[in-house]
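Encoded as structure tokens, the structure appears first; notes follow it.
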Amino acid sequence: MVASGVVRKASRVGGRPVKIASLATYVPPRLLTNADLEQMVDTSDEWILKRTGIRERHIVDPGVATSDLGQEASVKAIKNAGLEPDDIGVIVVGTVTPDMFFPSTACLIQHKIGAHRAWGFDLSAACSAFTYSLTTASQMVASGAHEHALVVGADVMSSIIDYTDRSTCILFGDGAGAVVLSAAHPGDGAILDFEHEVDGGGGPALCMPAGGSLRQASHETVDQRLHYVKQDGQAVFKFAVRKTEEISRRVLERNGLTPADLDLFVSHQANRRIIQAATEKLGVHPDKVIINIERFGNTTAATIPLALNDALCSGRLKKGNLVLLASVGAGFTIGTVLLRWGF
Ligand code: ACO
């Protein structure tokens, strides 16, 4: 209960201001097009495009893992920030497809990029992994514990997709994005607020049933194809539309803002229709909504940095822009980050 006279804090952000100092992305060169999928399952380019907005996805070659994609994005992000790997204090890697259970992908990336002074860990929040990781790492810079943090969103979804299941295999791709977070100075951009939720009741609607401690890998689990993504597509769709709108509205209202104040809305890219329905309900003008799912599919932890990168490269994202990031993912996990872009 809030005591009378206590003023509700406008933002969850505390400590010193923190900015996104740089951004870099990486996707593997090989393409998996809708025409390719037509040869693999009973589907059509027309159906996929109409129902999801996806034309093609990038897919790794055998032997290429999440840490490899994360390494490529991280090296560029650190360079773009004008830093050396040794300047990084902490690495947070959002992923649902780690190279292996352990060591963590953060350890593998730390070693590959030579960030000798960094500690780090993986963060599991599926499609919300980038917003969760951004919030988590920014707190460590805000507190003064670290000067620079590296946030990586990377997934090799093709490693857990059943390419005989037309309801899921058309959706996903592989990719990585990385940002460096640094203390912000006046006039720089900054992370202004965040909001996150979990609705654990949504677990069965989107999961990989086997391979963990509950259903250990066995011949039986392999035969039953339980090491792949399983989902109730319509339940996920409805939840994602509702929650994207709800959490976005909440964080805007708390900061005295309306959707019209936003310069850019960058949502997790799961389905073009999810993004369009959520932003229509929210009342964000379509010109302010970044949709690049056509070229990448759903890359889980990498969609938001890939979308930010496209916005930046096309001139739609500029210094000083007010940007809202939003995500809904397996769990269910829900997240939003409000920020002022700094470069
Ligand atoms: N090609 C052709 N037909 C298909 C395909 C396909 N690839 N997939 C399903 N169909 C068929 C179905 O069998 C069904 O046929 P029927 O009417 O004869 O039974 C018909 O198309 C309609 O199926 P629905 O499941 O109702 O189709 P819907 O419009 O819901 O689209 C989709 C399915 C694309 C999976 C959608 O529900 C969706 O995107 N859901 C969100 C899931 C998601 O993004 N999850 C991943 C990440 S979680 C997150 O990021 C939020």
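The values are calculated or read from the model by the stated rules, or taken from the named source; none is laboratory data. Quick caveat, the model's predicted, so the values are computed rather than measured. Glycine also receives a Cβ, built like all others from the backbone with ideal geometry; neighbour counts cover every protein chain displayed. For accessibility, only protein heavy atoms count, side chains too; no ligands or nucleic acids. Shrake-Rupley method; radii C 1.70, N 1.55, O 1.52, S 1.80 Å.
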Report task. Could you pull out the pairs from LYS230/LYS319; LYS76/LYS319; LYS76/LYS281; LYS238/LYS318; LYS79/LYS319 whose alpha carbons sit more than 29 Å apart here? Result -> LYS230/LYS319; LYS76/LYS281; LYS238/LYS318
Query raised in the report: Hey, what did segment 221-340 get for relative contact order, percent, Cα under 8 Å, at least 6 apart?
Result: 29 percent
Report task. State in Å² the accessible area per residue of the chain; use a 1.4 Å probe, count heavy atoms of protein chains only, and round to the nearest integer. Result -> 43 Å²
Report task. May I ask for the percentage of alpha-carbon pairs in segment 127-276 that lie more than 28 Å from each other? Result -> 34 percent
Report summary line: Asserting the computed 222 nm helical MRE of the chain (DSSP H runs at least 4 long, -39500 (n - 2.57) per run, divided by residue count, to nearest 500) equals -9500 deg cm²/dmol
Query raised in the report: Remind me, what semi-axes does segment 18-183 give for its equivalent ellipsoid, largest first in whole Å, using sqrt of 5 times each Cα gyration tensor eigenvalue?
Result: 32, 15, 13
Query - Relative contact order for segment 18-183, counting Cα pairs under 8 Å that sit 6 or more residues apart, in percent - result: 34 percent
Report summary line: Candidate cut points under trypsin sites (Lys or Arg not before Pro) in segment 295-333, DSSP loop plus at most 11 other Cβ atoms within 10 Å of their own Cβ, are LYS319
Report summary line: tail above 24 Å in the computed P(r) of segment 190-340, as % of all Cα-Cα pairs, reads 36 percent
Query - Relative contact order of the chain, defined on C-alpha pairs under 8 angstrom at six or more residues apart (%) - result: 25 percent
**Report entry** Residue-span extension gain [ARG12 to ASN255] - 0.36 nm each, minus C-alpha spacing
**Finding:** 86.5 nm
Query - For segment 181-259 and segment 21-52, distance of Cα centres in Å - result: 21 Å
